[in-house]
Structures are given as structure tokens and as C-alpha cells.
There are 6 protein chains.
Amino acid sequence: MLIHLSSWPEIDARLKQTKTVVIPIGSNEQHGPTGLLGTDWLCPEIIAHAAEKTDESLVVAPTFNIGMAQHHLAFAGTISLRPSTFMAAITDWVSSLSRHGFERIYFLNGHGGNVATIEATFSEIYAEWSFVEDRPPFVLKLRNWWDLPGVMGLCNSLFPTGHGMHATPSEIAVTQAAYPERIKTADYSPQIAPNGPIRDALDYRARFPDGRIGSDPAQANPEKGQKIIDAAIPALLRDVAGFSNETLP
Amino acid sequence: MLIHLSSWPEIDARLKQTKTVVIPIGSNEQHGPTGLLGTDWLCPEIIAHAAEKTDESLVVAPTFNIGMAQHHLAFAGTISLRPSTFMAAITDWVSSLSRHGFERIYFLNGHGGNVATIEATFSEIYAEWSFVEDRPPFVLKLRNWWDLPGVMGLCNSLFPTGHGMHATPSEIAVTQAAYPERIKTADYSPQIAPNGPIRDALDYRARFPDGRIGSDPAQANPEKGQKIIDAAIPALLRDVAGFSNETLP
Amino acid sequence: MLIHLSSWPEIDARLKQTKTVVIPIGSNEQHGPTGLLGTDWLCPEIIAHAAEKTDESLVVAPTFNIGMAQHHLAFAGTISLRPSTFMAAITDWVSSLSRHGFERIYFLNGHGGNVATIEATFSEIYAEWSFVEDRPPFVLKLRNWWDLPGVMGLCNSLFPTGHGMHATPSEIAVTQAAYPERIKTADYSPQIAPNGPIRDALDYRARFPDGRIGSDPAQANPEKGQKIIDAAIPALLRDVAGFSNETLP
Amino acid sequence: MLIHLSSWPEIDARLKQTKTVVIPIGSNEQHGPTGLLGTDWLCPEIIAHAAEKTDESLVVAPTFNIGMAQHHLAFAGTISLRPSTFMAAITDWVSSLSRHGFERIYFLNGHGGNVATIEATFSEIYAEWSFVEDRPPFVLKLRNWWDLPGVMGLCNSLFPTGHGMHATPSEIAVTQAAYPERIKTADYSPQIAPNGPIRDALDYRARFPDGRIGSDPAQANPEKGQKIIDAAIPALLRDVAGFSNETLP
Amino acid sequence: MLIHLSSWPEIDARLKQTKTVVIPIGSNEQHGPTGLLGTDWLCPEIIAHAAEKTDESLVVAPTFNIGMAQHHLAFAGTISLRPSTFMAAITDWVSSLSRHGFERIYFLNGHGGNVATIEATFSEIYAEWSFVEDRPPFVLKLRNWWDLPGVMGLCNSLFPTGHGMHATPSEIAVTQAAYPERIKTADYSPQIAPNGPIRDALDYRARFPDGRIGSDPAQANPEKGQKIIDAAIPALLRDVAGFSNETLP
Amino acid sequence: MLIHLSSWPEIDARLKQTKTVVIPIGSNEQHGPTGLLGTDWLCPEIIAHAAEKTDESLVVAPTFNIGMAQHHLAFAGTISLRPSTFMAAITDWVSSLSRHGFERIYFLNGHGGNVATIEATFSEIYAEWSFVEDRPPFVLKLRNWWDLPGVMGLCNSLFPTGHGMHATPSEIAVTQAAYPERIKTADYSPQIAPNGPIRDALDYRARFPDGRIGSDPAQANPEKGQKIIDAAIPALLRDVAGFSNETLP
């Protein structure tokens, strides 16, 4: 069940059966010379929507499409929230969904740069309860899609070299499978991009002139992308089921 | 050109030709017994993407899908930002797009409840410059899709009675044209919903038990929706062109 | 009863009879070559205090004299709050008055530029309750003094041309009636000021060099101002009574 | 020159002669069984406006009438800003006045409870400059009206016993001189109110049941109030002149 | 009992006997040509830890070592919080300690520049309760170590001239007693530093080129420092006992 | 060179030779039945101060002793900042140190729970520069002391079982080496504490009743702690040197 394509009475009825909601969350940011700017929010959306097609009982929220990408701001098309803004927005999403009775809120994340801020937000949210000796009526979970059981292993076997950290062939392949009419090509060199620390935007652009980190995205193709999606679907459904069924102390 | 389905070099190249970007912005909130929760962000997205198909030179950002909907929070599936959060997020979107050289930032809005906060945000952003005797490198514009020239007149002629204020047949028809497989039906009464003030969520639900205000959405059908979309496309393109070409004093 | 000229036991006693309070709210900002900088907070204060003289049972708070006027900051004497500051301050006023038992809080506004931020603030305040499924112990209402029933019709009949949007003859006439010793004259041209969009302060000053928008304030005189005040007094008393007596769902 | 009763060209012209502005600042809060709720903002307003009548070259801003009075919130009619809100608002006033070229900004304060927050605000404002090795284009000064040279000595001689800390006969006398038609009487006991620490609102009300601290306000009369005003006027003018003429290092 | 050198079960057990905690709080800022940058947080730490050695029942929190020192930022080594940050941090300390059952929270302060912000913070904290007609479960107290009964008198007798306001021989002597291996000497002139107002950092450095205000710190020696410490210990223990035993209304 | 035990002229002189500063940062939180509440800020302080004794050219700031520990708040003595407060405070430390010319700011961290918030803060700080196409005048680095090269390997060899995640024998041993008079013992069971997710404070206490996660801290002794310190000292000095000498692109 996709929330945005449902009516409120449908969600109301569904809440009698499940208290879990999945939020695809990502970022809109440069993904190298060939990657789509939406890659990091499209990937979790693609996987979550495909999982919902497999098992319609999965409740999927609209996609949280702008995250923390300050280091990519020297590349056109990147849109970033400051961490403090990102924290406020996640908090309001959680407050809204909790208001309706969702008790297990699962963020399926598509951007490594979001992780620290999402975790800090969870602590900010929990702190409201921890300071007053009360328990929140919800549990929060963050899962990167590539950390779903079995997925990273598959990615590594598909792309044994040049997988890298940013604009990886895995994520680009996933978007190619979903948007084959948007596949782009470009010459770039070196074939495998360099690695290095991530700091501010100008430092990033100086280190990684075409935006890639450690990757060779030309290895991507839609077939490999579909394999990743096909592996991620059952992994996500199992992971969400485990989260839904977890007994709290 | 849809930013999220483009690469950064494509946006970089496009910025040599245009400095204008359109952001579809809306809300994810209850739309009565039959309307989709995503109605208010789907409508501007549908119109902006259709306009981009007509004229690919239009640069369209990802959709800002969660807005200010605190008064709908008593209906399941609604997700709202607090006005202060909404303001921070809009500010960061503007800062990001301005960073790349966009000088005319056009918000195509799909939710009346967003208007006050978006306008307050524009003032908050401008104030940074007004306090220091400097000019911002961008101009901001808010346009509700139903206020595009000619659109509201069409809506009124299509739905002479029972158009109302919320969960209107117009907006529901637009989503039906784009998502015909998601058309929902329901019995409701009275046929035309009541009107009244908008305050907090429980007050809202007490006044408007099924979520509608003043509307009879059963009048919607995909054909009427398509007519509205077809009228909105050229109106949007002309409105954006006028904004792009406006001479500043 | 003017709160600031009363003692706390007097307010305490009055709260046994009424739960409604009126807050004159405006802005301190340029009003063209002849208008007083205080015009926008003086007008609602003048009307509210005159109404209180007519019916002493009206409880009037001190005047909230600084609002959102960032666009006027290029003219000397303007004092503006950022929207975010304005929101925080209104929130604290509401919290204070609610603390004492006021349940209907009515803002009589004198500045169009305040409207968006005041409405956003109402939503910010209501959101605290909407997120937690509770009802606030108060209801908030915003009324511009020129929107009191009958007032704008009178203004238009008094000034059929050159009324305009800012530094209008209506508002200047109201201040002339109350402060006849402060009437100012100046040459200006064109006789009727231009219209245009409102953005940042330097853009504003470039478009509207003497500060007026669409108006010819030389038409103002104290007699016309008194007529407006005389029309506004009973309209305000009726509007406040209607608000006080409104049944909540 | 009172800013709110002037036009912007008048302020513009005056700024060629002086760079100093005086802001009366106070609080709207209970002042015991007989004191006006507005006492703390009326007193600095009365004194500043009287000084402006004596020397019209004094530029006086509108009165900042709501301050930090959380400890008085258990008494009806009190309106308080949180310290954080108060800080934001003062900052915006300073930014606005500095924008026009005022370089010496003098706060004439009427409420002891404001002092800590105003001083903290000055530091918050200065910090913006201190962190970046730059100098602010303005200097800020806080002066309580009773600390103007000679004033407290006069108050003590007029009220040798029962002057106290809150709802003092001095401040009440000042308001009586200005608003003789608003003089109130009440029985209270003990004749001189107790002293004690100031904490939250319920603690305050438990310690000081009628609101007074250490004072016997029945000693106030308009004549004594006028003497205080008459002493404060030249003291203020000299103090402001000294501030205006101070050479910066 | 020093909290940071105890285990949680030890604190848990101690809370059965006392509800009072002492927080040494200060600043890390320049202290003239010879003073340690840590002087203002070392002094209250030295005194509180010495008092805890005398009476182990005293519960002492870790030292809050960074305060409000924006005016010292033109001198290397100074670290300052903005007042707003300082307020947030103090609030979280109070929330944490209150969470465990501490009901009397005593700040032993070592920096005059902290006083306004700490007091504003107390009001910010209390305001949460004052706005909602509830009492906080704790009482807050601020005491500067030099204001402990008897201490300032001793300081003045030890240093009858050149005590001054900043980098005083008293505070430097206290650090010399505790850190005799860190005694520094320097030539400076004039022997007694000038006095003047405190504003932003560059203004401060221009007025007070070596950082001192009104002081002649060369008079300090460890023996005098030890005398001050010895006087402060019993004064602190008595002051804390009085605070612990105070009956609330 | 310890900043807090130096004078400002000493820091000023040192800044001519080095632009790097090390900030020990941790948390004050429960560490199981035997660990000191200060463990997480004492460990990096112990190591950094020991390194400074070895190589006095190392500039060490005062210890940032309170971090993000909301999940430990159900255990007495824990003091936590909210993530948002923590972010503001770190930002002000960085602004202060950068103001003096420090260009490489190295945080030696002692608390795993701090990592997400510190990284989010770095992004918040960098974002100020990334949004405006400018480079910050400093580079930030976070290093957990146990991640210094060679340290974790040593810890694992010293404690092959029962090292765990919280209240580890490693960290407790480090504090025992530095504070041998504060070694505590307690019976606990199970010998090795359970593992599990970290959420709010009551959830934490329910899962980990004595506070430990996965650890058996009774294995700690001062000798092992000294070995860890001895390994960490040269590793820290080399890591800081590498950071200082890193060439920026």
C-alpha cells in the first residue's frame, strides 16, 4: 500500500492490521558523469515500491527525497538540507506517522551521507522521552538498502572492481533497470575514481573532479540492476517483518 | 528537463541557457473519502512534468512533497511539517538552487494551506538581504496551479456546484487522469460538504468528519482532469516565461 | 478595559465575565512621504481603544507594534522582525494570555505584510496540539481592520481613485483623525504611485522610490479618518461578539 | 523626534545630524494590587517622551512593551516573552535601526527582570562580530531609568521606607503623574511586602500573594511621580549625550 | 563525592541522602599576561573539590568549563559559547540532573561574564513551567565564588589596590595555589590596568591591550590563594547547606 | 601545551609554529556497576595529556566533557546534551579556535554515541561554506581513541572475550591506570553482558539492567590500562602529525 496513492480511510483500515511503515529516504545529488541526480532517493523508492508490488501489505510512505548532501553542492542540480533542517523534518515525519498509530517506523536509506544525521535525529527524538522517564510510542530503524542481507555480497560479485563509494555501478544499475530510457554515457578518466576524505563542497570538487569516489559506473547495466532489485525485495520484506515482530523489553 | 532524471553535467550545460527552475510543491494529506493522500503534491507534479514533456527546456526540480498540513493530522496518512520546519527546508532548497546559478525560482504549489508559510519563508529569506542593504541573487515566485490564468475559470465551468475548498473535484480529477488505476469511490453525505474555519486537527475533524470542505468530489472523472491538465500546461509555460523574462528594477 | 492601564485584580475579576481579548497588532514602517512610521500599529490601536471607550467590557491588550516589514527596510525608521522572530513573539503572547484563562484571542491587524506570518504562526501553535491529539484551550482569529464589515466599502467610496495598497489615504486619514497635530504634507509624483510585486528591500525601493504603492495619500483628511473610525467601532464590537459567542464543535 | 509619529524623510534628514536612538523598553506585568500592568513600559516611555518634549533632537523609537516576566505569569494580565524570544526580537530591532545608520542604540529600561536577558542579547549580538574579527557598526547601551544619575537618590528620599523591589511607590508614582485618571487604591497587608528570591510563577505567587516585593505602593502620589520625572529628564538627556559623544578606541 | 569519579550505583545510593548537586561553572578565556586561560573554570573547580575533600557528602558534578566569553575572543586560546548555545547546554545539564532526582541545583560560578546568561537561562527554564501553571521539580541557584560570604572581604584585604575586574590577583592566586608549577610572570604596564565598558572583542582588545581590566595580578602568590581557598571552603559548605535546607513556599 | 594551563601570549606564540589543536571529547555517563561516570571523557583526556607530556608541542584544548548520552539517562549521574545542543556547542568551539588561527582541529573522542552527532556537526559547519562557494579556513577531524592505529588490536589481545561495546574492560582499565585510587568492584551477572539495539533510556535500562553492553569489565586492571595508554600515545602523535601535514587540494 502506497500511502500517497491511497485514501485516508484505506490507511485507517490498514492500521488495524499493521503498525509498521517504510519511508524511502535519500538525497538529490550529483552522481558522477552518468548517474542521475535522483539516484539516492530513486533506489530506495524503486526497491520499496517493488516490494510493495510483491506484498501489498507493506505500507510505504512518500519518498523523503532531499537529504544531507552539502559536500556535493559544487555540482549543479544537488539540493541539500542542512543537518539541522534535516533533523527537524525527519522529526515531523515521525510525529505525523506516530500520530496515526504507526509504532514501527523504518527508514530505507539510499545515501551514506544521510546516516550520521538520521542517527543523530533518532537520538534527538528519543531524548524527549529519555529526559522525562517515559517511553516513546514508536521504535525507529534505519537501514541502508545495500546493507539488506545479501545485497552487498551480490553487488560485490557483480562488480568485483571499481564499485567504490559514490556513483557506484550498483546504484546506477538499479536506476537503469527502473528508468532504462534515462541511461547516460560519458567518457571519464581515470576509469576508477580516486578515494579520499569528504569535507566541504569545494574540497570535494577539487578531490573528485567528476564527482565519483572510487567507482567505475560504466560497468552498470539494467540487467545487473534488476538482479540487485530482485535480491533486495525479499530481503527488505524479511527485514521489515523482523522489525515488526520484534518484542520490546 | 527533470533534474532528478538528469546528470549534473546536463544541468550544468542547461544553466548556460536558462536560470529558471520550477519546483512542484504540495502536501501529503487526507483528501476526503475518495481522494488520494498525495493529491496536493501529485497535481503540481503532474502539471509540471506534462509541461516539461511539451517543452523540454523547462527545468523541473524534484517534487517537494510534504508541506504544512497540521489541520489534517486527525486523518490517517497525513504527514505535516511544522511551519518552522517547512520554512527551514524551503530556505535550504533555495540556497542549493541559487548556489548553482538559478536566479528565478518558481514554486508551483498544490496546497492552499502552504501559502502563508511559503510567503513567510520568502520574507525570511529576503530579510537576510534587506537587513544588510544587499540584493539577493534570485527572485522567488509562488503560484498555485489553480491560479494559473484560465484554470480556475475552467474548473468552475466543469463543476459549477460543489467545487468547494478541499478535496475538490478539480484536483481529484487531475489525479484520476494521471492515475486512472487508483480511482476510488465511496458513499458520503451530505453530497456537498460543509464550510467553516480551519484551526487545529481535532476541531477540523469535528467540523468536517470525512475530510471534505464544501466539495462534492464524486463529480470528478479522468476526462475532466485531463481538460484541466491540458489548460494548465500552456498557462504554466507562459507564466514561467513571463517570470523568466521579467526585468528587475 | 485596557490591560496596560488596569491592575491585575481588575483583569482577574473581568475574566469571570469574558474570555476574549483583542490585540492590536501592526508594524512600524515607512508610509510614504507623508505617512507616519507608526501608521500600521496606530490604526488598530486607535480603533480598538475607541471601541473600548464605546463598550468598556472589551478587553484590549497592549499594542503589538513591530511586525514583519523587511521589504520596507530601505526607508529610515522602519523596524522589522524576521518572520521567525515574529512567530516566536506571537506564540509567547498567546501562551501568556491563555495562561490567564483567555480562550478567544483576536488579533486586530493593521499591516497586510503581517498576514502570512500571523497565519503561519497560528498553524505553528495549533500544530503542537494537532500532533498529540489534543485540543488547544483557545481559539485564534486574525482580522485586518479594513476587512471589518463595511469598512472597505466606506474607504472605497471616500477615495474612489488612488486608494492603492500602501500608504493609503484611508490609513493616513485614520492617523490624522487621532493625531491632527502630526499631519504632514509633501510634494510627490506621480500623483498615484505605481503598483508591482513586493520582494526584498532594495527591490522595493527601486520600484517605489517614495514608498507608496498605488496610492495618493494627499486625499486624506481628519474628517474622512473619523468617518472610518466611526464605522470601524461598531463593526469591531460586533465581530468580536460573534467570535466570543461562536460555538465550537 | 518620536519615530512612530514621524515620516521616513524626517528620520532620513535627522540621521544627518545624529546617529543615536533611544528605545524605551519594559514589560507588561502585574504591579501589585494598585499598580498598572503597563507600569514597566509606561515609565521609560513617559520619561523618554518628556525628554523629547524638552529637547526635540532626541530620537525616540516606539516602546518595546513586552519583556521577560515569566515569574509574574500567575497574575492575570501579565504578558511575557521567553528569554530566547526576547533576544531574537531585540536583535531584530538593533539590525533594523543599524540598517538605517543609527550607531548608538540606547535602551532605557523599566524592568529589572529584563536586565539579564538584555545583557545576554548584547553579547549574542556582539558575538557575531567577535567570532569573525570585525567590529559592529553600532554600540549598545542599557540604562535602567532608576539608575539615571540622581534618580534613585531622589526615590529613596521620597520613600525612605517601603520602597522595595517590585511595585515600588516610585514607579507607581511616575505612572500616576502621567495617568492621574487611572490611580487605583486597594487595601493590602502587610503594609510593606515581604522580600525573597524570584523563581517560577507559582513559587512567586506563593511568596508574594498580592504581587508586591518589599514595597508599600500606597505612598505614591502624582506629585512625587512628577518630581521623579522632572529629575529623570535632564539626567537622561545628559546620559544620552555622553553616550553619543563617547569616543571609541 | 565527585560524580565523574563515581559509579552510577554510588550516585544512586547517594540520592537517597541528598538531593543537592554543585556544578562548578566558568569559562576558558584570556586572563592577562600571566593568568591561565582556564582560570575561571579552575577556580570554582578548585574550591568545590576542596570542599568535597572536607565534606565528602557534597555531590559535585563535572566542571562546566566553557562559558560566555565573546569579548575575549581577540586573545588566543579563548573559547566561547554564544549565549544561546550556553543557554541550551545549561538547560540540558539541568534536565539531566533533575531526571535523576536532584532537586537543588547549585552553580558555583567563576566568570562574571557568565552571570547574565545563566540568569536568563534560569528564566528560560522556569518559563516552561510558568506558562503552564505547574511547578518545576527543582530549584536553581547561582553563586559566584567571590560572593560567598566573607570571601570578597578577604580578597580586598589581601589586595587593597589593583584588585580590578578581570585577571584579578585573587583568582590568579587561587590557581597558583592549586597549580604552583604553572606560575607565570611577565612585565606589563601600567601596573594597574585601565577600566572601561565591555563590548565586542576588538573593542575590548583596543581598550585593554594585555587583557587585564583594573587589575595588578603580579600581587598574586600561592599563599594568598590558599587563604582564599581556605575561606571559601566553609563558606561554600554553609551556603549549599542553606540552599539544601531552604523550605519552599 | 595545555591551553587551560597556559597564558594567552603563550598560545599566541605557539600559533606561529603550529596550526593544529587537539580537543579531547567524550561524555559523562554510566559505565556499568564499576566504571566511572567520567570514563568517556577521562580516557581521551588521559591519552591526550600523556601525549602532551611526551611531546610538549602538542596543543591540547580543555576537555569537552559532556556529549550525547540520552540512552544512558535512566542511570544516575549521566549528563547528556541533546544532539542539537551538542551541535551548537561544537560549532562555537570550532568558531573560537578558528578565530585564533587554528586550521586543523582534531577531536579525540571517547564515546561511540557521540560519533553520529559530531559528524553531523561537521556537515552543518561545512554547509555554511558549501552553500556560498567558499572554503572554510579549517579542516575538522574526528578520531575515536580506540581507532588510533594499533590500539583496538591491543585491546582485543588483552581482552579476547567480553570486551563488548559499553563499559568495556579497555576503557575502564585506562581510567584505573590514571585513577588507581578510584578502582571499584562489584558483583554482576551475567559475567558478559548482553548485546542489543540502543534506543531511548527506558528501553536501554530494560535491556541492559546494570548498564553494560556485551562487556565483562572485571577483567580490567591498571597495568593493562597503562599498556593501552602507552600504545595510544605514539599513535596519537603520529595521527595528529599526519593530519597537520596533510596537503589540501
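What to note about this one:
- Cα Rg, Dmax (largest Cα-Cα span) when computed across the stretch C:76-143, Å: 12.8, 46
- Equivalent ellipsoid semi-axes, the stretch C:151-249, via Cα gyration tensor eigenvalues times 5, rooted, Å: 29, 19, 12
- Amide proton proximity set for residue F:144, modelled H, under 5 Å, gap of 5+: F:109
- Counting heavy atoms of the protein chains alone, residue A:19 has an accessible area of about 80 Å² for a 1.4 Å probe.
- Partners of residue B:141 within straight-line reach, counting lysines whose Cα lies under 24 Å from its Cα and excluding those fewer than 8 residues away in the same chain: B:16, B:19, B:53.
- Rounded to the nearest whole Hz, the Karplus-based 3J(HN,Hα) values (6.51 cos²θ - 1.76 cosθ + 1.60, θ = phi - 60°) of the stretch D:88-101 follow the sequence 4, 5, 4, 4, 5, 4, 4, 4, 5, 5, 5, 3, 8, x, with x at glycine and proline.
- When the charge dipole of the stretch D:117-202 is built from unit charges on Cβ atoms (+1 for Lys and Arg, -1 for Asp and Glu) and taken about the Cα centre, the candidate among D:136, D:117, D:193 whose Cα reaches farthest toward its positive end is D:193.
- Value of D in µm² per second that Stokes-Einstein yields for chain E, Kirkwood Rh from Cα pairs, at 20 °C (1.002 mPa s): 115 µm²/s
- Portion, in percent, of the accessible area of the stretch F:101-249 that falls on carbon or sulfur, probe 1.4 Å: 52 percent
- Rounded to the nearest 5, the antiparallel percentage of DSSP beta bridges internal to the protein assembly as shown is 15%.
- Taking N as its residue count, the alpha carbon Rg of the protein assembly as shown over 2.2 N^0.38 Å: 0.93
- Loop-exposed GluC sites (Glu not before Pro) per DSSP, neighbour cap 14 Cβ within 10 angstrom, longest uninterrupted part of chain E: E:134-245
- Beta bridge orientation in chain F: antiparallel %, DSSP, nearest 5: 15 percent
- Label-point spacing at residue A:101 relative to the other copies reads 3.9, 3.9, 5.3, 6.6, 6.6 nm, in ascending order, each point sitting 7 Å out from Cα along Cα→Cβ.
- Mean residue ellipticity at 222 nm, helices only, the protein assembly as shown: -13500 deg cm²/dmol; runs of at least 4 DSSP H residues each add -39,500 (n - 2.57), and the sum is divided by the number of residues.
- The modelled label-to-label distance between residue C:192 and residue D:17, using points 7 Å beyond Cα along the C-beta direction, is 3.8 nm.
- Here is the interface size for A with F: some 3200 Å² of accessible area buried, both sides summed, with a 1.4 Å probe.
- Using a Förster distance of 30 Å, the FRET efficiency for residue D:53-residue E:147 (Cβ separation, nearest 0.05): 0.10
- Placing a label point 7 Å from the Cα of residue A:13 along the Cα-to-Cβ direction, the distances to the matching points in the other copies come to 4.9, 6.2, 6.2, 7.5, 8.1 nm, shortest first.
- Distance between the 7 Å Cα→Cβ label points at residue D:134 and residue A:132: 4.1 nm.
- Rotational relation C to F, axis-closest Cβ in chain C, residue and distance rounded to whole Å: C:84, 8
- In this structure, the amide hydrogen of residue B:31, modeled 1.01 Å from its nitrogen in the peptide plane, lies closer than 5 angstrom to those of A:8, counting only residues at least 5 positions away or on a different chain.
- For the stretch A:124-160, residues shielded by at least 40 square angstrom of accessible area compared with the chain on its own, probe 1.4 Å: A:124, A:126, A:130, A:131, A:133, A:135
- Summarising the amide proton neighbourhood of residue B:139: residues at separation of 5 or more, or on other chains, whose placed amide H is nearer than 5 Å comprise B:104, B:105.
- Averaged per residue, the stretch E:128-249 has 45 square angstrom of accessible surface, using a 1.4 angstrom probe with ligands and nucleic acids left out.
- Partner aspartates and glutamates for residue B:227 [C-alpha distance under 14 Å; skip if fewer than 8 residues away on the same chain]: B:171
- Under 13 Å from the Cα of residue F:184 - aspartates and glutamates, other chains or at least 8 residues apart: E:10
- Inter-label distance, nm, simple model (7 Å from Cα along the C-beta direction), residue C:223/residue D:206: 6.5 nm
- The stretch E:114-191-the stretch A:148-192 distance, computed between alpha-carbon centres (Å): 61 Å
- Whole-Hz ³J(HN,Hα) from phi, Karplus 6.51 cos²θ - 1.76 cosθ + 1.60, for the stretch A:36-49, glycine and proline x: 6, 4, x, 2, 6, 9, 5, 4, x, 5, 4, 5, 5, 5
- Solvent-accessible surface of the stretch D:23-72, taken per residue with a 1.4 Å probe and all protein chains present: 16 Å².
- Under Karplus coefficients 6.51, -1.76 and 1.60, residue-wise ³J(HN,Hα) of the stretch F:9-22 in Hz, glycine/proline x: x, 5, 5, 4, 5, 5, 5, 6, 9, 9, 10, 10, 9, 10
The values are calculated or read from the model by the stated rules, or taken from the named source; none is laboratory data. Worth saying up front: this structure is predicted, and the values here are computed from it rather than measured. Positions of Cβ are backbone-derived with ideal geometry, glycine not excepted, and every protein chain shown enters the neighbour counts. These area figures cover heavy atoms from the full protein model, side chains too; ligands, DNA and RNA do not enter into them. Shrake-Rupley method; radii C 1.70, N 1.55, O 1.52, S 1.80 Å.
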